[in-house]
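What follows is a single structure, written as structure tokens, with notes after it.
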Amino acid sequence: MNSRKAVAAAVLIILGVAFGAVARLSAGSEQTSYFDDSTPPQYMTVSQGTSYLLSVHGGQPALVAAGMTASSLSCQYVLDGQTTLSPLSLTAEAEDSKAVNAVARFDAPVDGRIRVECAAYPGHVYIDDADDAPTDLVGLYLLLCILALTTGIGLGIASVRSASHVGPPITTG
């Protein structure tokens, strides 16, 4: 029984380390505001009347560092295949918001693929919750890493403890 626990623990720990490595390697390829080196997709799909979050790397503090606030952010959108920029009506997130990267909300004025531009902001702007937003695989890999390592280490400790017990069980009187 102890050898089965030890083998299971080793397999889970190896899986946990593997999931952690995959998460680290995948982090650079996702096109979301969560990763500093990422760039947003050129166009994102939105549905008219649906509310979306506008995000930037670093959220509110990044805007302040650029000399602006979410309420002073002025953005436009352009439909895929067109060149005319149209104003985008934004509602600023509260400055003490717990959102890490989200700075404003907007209701999509059209159906289709749009690109959002905020002329005064020097960084990238993301619609992390767009209809065709990429799946956050790094988050899944990290979750699997944590679950496998936690279970594997716990099982390993149980295996070592049960293996260190020798002799018949102690009984009291």
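The values are calculated or read from the model by the stated rules, or taken from the named source; none is laboratory data. Fair warning: this is a prediction, and the values are worked out from it, not measured in the lab. In this analysis, Cβ positions are derived from the backbone assuming ideal geometry, glycine residues included, and neighbour counts consider all displayed protein chains. When the accessible area is computed, the model is the full protein with side chains, heavy atoms only, and any ligands, DNA or RNA have been set aside. Shrake-Rupley method; radii C 1.70, N 1.55, O 1.52, S 1.80 Å.
With no solvent and one point on each alpha carbon, what is the Debye value of log10 I(q)/I(0) for the chain at q = 0.20 Å⁻¹? For the chain, the Cα-only Debye profile gives -1.22. Ordered from largest to smallest accessible area (heavy atoms of protein chains, 1.4 Å probe), the residues Glu117, Glu95 come out as Glu95, Glu117. Between Asp136 and Glu95, the contour length at 0.36 nm per residue exceeds the alpha carbon distance by 12.2 nm.
The relative contact order of the chain, computed from alpha carbon pairs under 8 Å that lie at least 6 residues apart in sequence, is 37 percent.
Relative to 2.2 N^0.38 Å, what does the C-alpha radius of gyration of segment 1-84 come to as a ratio? Two decimals please. Intermediate results must be reported in sequence, preceding the final value.
Details: Rg = 21.4 Å, N = 84, 2.2 N^0.38 = 11.8 Å.
The reported ratio for this selection is 1.80.
What FRET efficiency do you get for Gln42 and Thr69 if R0 is 30 Å and r is their Cβ-Cβ distance, rounded to the nearest 0.05? Show your work: numbers first, answer last.
Details: r = 27 Å, r/R0 = 0.89.
E between Gln42 and Thr69, to the nearest 0.05, is 0.65.
Of the trypsin sites (Lys or Arg not before Pro) found in segment 76-173, the ones in coil according to DSSP and having at most 14 other Cβ atoms within 10 Å of their Cβ are Lys98. Rounded to two decimals, the Cα radius of gyration of segment 54-130 over 2.2 N^0.38 Å is 1.05. Label zone of Arg4 (point 7 Å out along Cα→Cβ, amide N under 20 Å): in segment 132-165 this covers 151-165.
When the chain is described by a simple charge dipole with +1 on each Lys and Arg Cβ and -1 on each Asp and Glu Cβ, the residue from Ile157, Pro61, Ala21 located farthest towards its positive end is Ile157.
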